[in-house]
1. Name the residue from Thr61, Tyr76, Ser2 whose Cα lies farthest towards the positive end of the charge dipole of the chain, charges +1 on Cβ of Lys and Arg and -1 on Cβ of Asp and Glu.
2. If you roll a 1.4 angstrom probe over the protein chains with everything in place, what fraction of the accessible area of the chain belongs to carbon and sulfur, to the nearest %?
3. With a cap of 15 neighbouring Cβ atoms within 10 Å, and only residues DSSP puts in a loop, list the chymotrypsin sites (Phe, Trp or Tyr not before Pro) found in the stretch 1-83.
4. Mind checking the dipole of the chain: about its Cα centre, +1 per Lys or Arg Cβ, -1 per Asp or Glu Cβ, Debye to the nearest 20?
5. Can you give me the accessible area per residue for the chain, using a 1.4 Å probe, in Å²?
6. In the stretch 1-59, which GluC sites (Glu not before Pro) are in a loop and have at most 15 other Cβ atoms within 10 Å, using DSSP for the loop call?
7. Beyond 22 Å, what share of the Cα-Cα pairs of the chain remains, rounded to the nearest whole percent?
8. If you average the sequence gap of Cα pairs under 8 Å that are 6 or more apart and divide by the length of the chain, what percent do you get for the contact order?
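The values are calculated or read from the model by the stated rules, or taken from the named source; none is laboratory data. Note that the structure is predicted; figures quoted are calculated from it, not measured. Reconstructed Cβ throughout: ideal geometry from the backbone, glycine too, with neighbour counts over all protein chains shown. Note: accessible area is taken over every heavy atom of the protein model, side chains too, but ligands, DNA and RNA are not part of it. Shrake-Rupley method; radii C 1.70, N 1.55, O 1.52, S 1.80 Å.
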Amino acid sequence: MSKTTVNLDDEIDRWRWACPRGHRGWEATNNHFWCAECASWADDAVDPEFDELHDRKTGRTVPREELRLLTRAGPYDTLREGSA
Ligand SMILES: [Zn+2]
């Protein structure tokens, strides 16, 4: 099955993709995503780490394994291969 590409350096993609709670302050980490806005909430029920992104265009929430993360330097997962 084909993956959905998310360009981490692309303004349009950054607007399209949000954390599961709808923020755009997320970053990709090795195996997860992390949201600065969730992290800043003083609420233990909010987990700033997650492994899916919300697609505001389709309304779907897409797990990381179905996403292909691109950066200016190349595909994110390729850059990280060997460190996982
Ligand atoms: Zn968030």
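1. Farthest along the dipole direction, towards plus: Ser2.
2. Values: 2500 of 5410 Å².
Here carbon and sulfur together make up 46 percent of the probe-accessible area.
3. Working: sites: Trp15, Trp17, Trp26, Phe33, Trp34, Trp41, Phe50, Tyr76; in loops: Trp41.
Counting only loop positions with at most 15 other Cβ atoms within 10 Å, the chymotrypsin sites (Phe, Trp or Tyr not before Pro) in the stretch 1-83 are Trp41.
4. Details: 12 positive and 17 negative charges, 81 e Å.
For this selection, approximately 380 debye.
5. Numbers: 5410 Å² over 84 residues.
Per residue, the chain has 64 Å² of solvent-accessible surface.
6. Numbers: sites: Glu11, Glu27, Glu37, Glu49, Glu52; in loops: none.
For GluC sites (Glu not before Pro) across the stretch 1-59 that sit outside H, G, I, E and B with at most 15 neighbouring Cβ atoms in 10 Å, the list is empty.
7. Values: 755 of 3486 pairs.
Roughly 22 percent, rounded to a whole number.
8. Details: 126 pairs, mean separation 26.3, N = 84.
It comes to 31 percent, rounded to a whole number.
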